[in-house]
Amino acid sequence: MSGILNTVSSETDSKSKDVQSTVKDAESTTSGTATKATSILGNTLGGVTSTVGGVVGTATRGLGETVNSATGGMGKPVGDAISNIGSGVEKAGQDISQGVKNAGEMKKPE
């Protein structure tokens, strides 16, 4: 009788380990897939944000330079202010972009 119980107990332990291993494999696969999807999404949104920030920043700086050229010394403060706003928008876009990329790659803030 003891031999039968040991055999049943051994088979139960083996099946339990198989189930645990299968669950760990499934968790690992799910986690890996989620990480890849998040990384792709983060990098894509980060790239778009960077591009938009760059385009808006460059366009605004160009507008500021145009104001400076068209108005001469009288409009220089306004033109410089517009250019500075453009530079700020571009920098903000880069910072947001990097944050989104880092989040997508599951990196901790620095």
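The values are calculated or read from the model by the stated rules, or taken from the named source; none is laboratory data. From a predicted model like this one, the values you see are computed outputs, not experimental measurements. All Cβ positions, even for glycine, are placed from backbone atoms using ideal geometry, and neighbour counts span all protein chains on display.
Against the condition of a type outside the set (A, V, I, L, M, F, W, C) and surrounded by 15 or more Cβ atoms within 10 Å (Cβ to Cβ), how does Thr66 come out, does it pass? Spelling it out, it is not the case that Thr66 is of a type outside the set (A, V, I, L, M, F, W, C) and surrounded by 15 or more Cβ atoms within 10 Å (Cβ to Cβ).
Selection of first residues in region 43-65 that are in a helix (DSSP H, G or I) and of second residues that are modelled with pLDDT of 85 or more and of a type in the set (D, E, K, R), restricted to Cβ pairs under 6 Å at least 6 apart or on distinct chains, gives the following pairs, ordered by first then second residue: Gly53/Glu90; Gly54/Glu90; Gly57/Glu90.
Among the residues of region 52-84, those identified as in contact with a Gly (Cβ under 8 Å, 6 or more places away or on another chain), β-branched (Val, Ile, Thr) and under 30 Å from Gly42 (Cβ atoms) are Val52, Val56, Thr58, Thr60. Checking region 80-95 against the condition returns a match, with at least one residue being assigned to a helix (DSSP H, G or I), in contact (Cβ under 8 Å) with a residue 40 or more places away in the chain and within 18 Å of the chain's Cα centre (by Cα). Annotation: of all residues in region 96-110 being touching a residue at least 60 places away in the same chain (Cβ under 8 Å) and among the hydrophobic types (A, V, I, L, M, F, W, C), the one that is surrounded by the fewest Cβ atoms within 10 Å (Cβ to Cβ) is Met106.
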